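**Q** My questions will all concern the structure given below.
The values are calculated or read from the model by the stated rules, or taken from the named source; none is laboratory data. Everything quoted here is computed from the prediction, not taken from an experiment. Note: ideal-geometry Cβ built from the backbone for every residue, glycine included; neighbour counts use all protein chains shown. When the accessible area is computed, the model is the full protein with side chains, heavy atoms only, and any ligands, DNA or RNA have been set aside. Shrake-Rupley method; radii C 1.70, N 1.55, O 1.52, S 1.80 Å.
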Amino acid sequence: MRGLALTVAAAAMLVSGAPAQAAWGYFACPSDNFASQFPAAPKMEKTVFSMPRHGRALAARTYTTTVDNIVYKMLVADYSDRVPDGASILLEAIFQHTEADDHGLQNGKVLGNTTTRIEPVGRGATYGRSITMDFPNGGGRNQTNFYFRDGRLYEQSVTILPANGDYSSPNGSRFVESLLFNLTHMEEETGSKPPNIEGCGPEIQPFTFKQ
């Protein structure tokens, strides 16, 4: 009987552990031109995004989920009326994140500051910047990747909270490295058609690039 009880208990542990593992998968937002893996379905919320130099975005949305005290978030800010200023918008967003007195991690410790790229050149590579910082006063660790594509500013971030504390967790890399912008190849890249995030429009937006 004891052996049977152990077997039942082990089976219960496997069943209870399975959903968390299986929850990781791609979710798409065709209307905002991105798809990425998340550990659970993200929630879309409208927000306000503004910067001193380039002003308020036409619209902004966040796509967020929190699992095991790790916050996975994509912010999309619409600057489609200021496309020629894209490079400057990107740099100001990075400044706001790292150094601005009113809303950055100015007193945080910069651990990494590198270039990053989404997708190969043959599929319209998008280049950006990846900043990894420790929050002040032991507040956790954050990695945010910044991109400007087709009139939109993207800030894809992972925040590992102190309650988790595993700053070497591979889940953050899994999230940021899975990002796709060229959704015309989405099913080929993901192996299936990902579910759309609730609130996102279903039509894939035009994706143009020089080959």
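**Q** Consider residue 178 carefully, then state whether it is hydroxyl-bearing (Ser, Thr, Tyr), touching a residue at least 24 places away in the same chain (Cβ under 8 Å) and surrounded by 18 or more Cβ atoms within 10 Å (Cβ to Cβ).
**A** Yes; evaluated as a whole, the condition is true for this residue.
Matching residues to (1) at pLDDT 50 or above; (2) exposed (fewer than 15 other Cβ atoms within 10 Å of the Cβ):
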site: 2; (1), (2): no, yes
site: 13; (1), (2): no, yes
site: 16; (1), (2): no, yes
site: 23; (1), (2): yes, yes
site: 31; (1), (2): yes, no
site: 38; (1), (2): yes, no
site: 44; (1), (2): yes, no
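**Q** Something else now. Would you mind stating whether residue 107 is among the polar types (S, T, N, Q), open to solvent by 50 Å² or more (accessible area, probe 1.4 Å), modelled with pLDDT under 95 and part of a helix (DSSP H, G or I)?
**A** no
**Q** Next up: On the basis of being within 25 Å of residue 190 (Cβ to Cβ) and of a type in the set (S, T, N, Q), does residue 98 make the cut?
**A** The answer is no for residue 98.
**Q** Which members of region 50-97 meet the condition of being in a strand (DSSP E or B), open to solvent by 30 Å² or more (accessible area, probe 1.4 Å) and under 27 Å from residue 164 (Cβ atoms)?
**A** 61, 64, 66, 67, 71, 73
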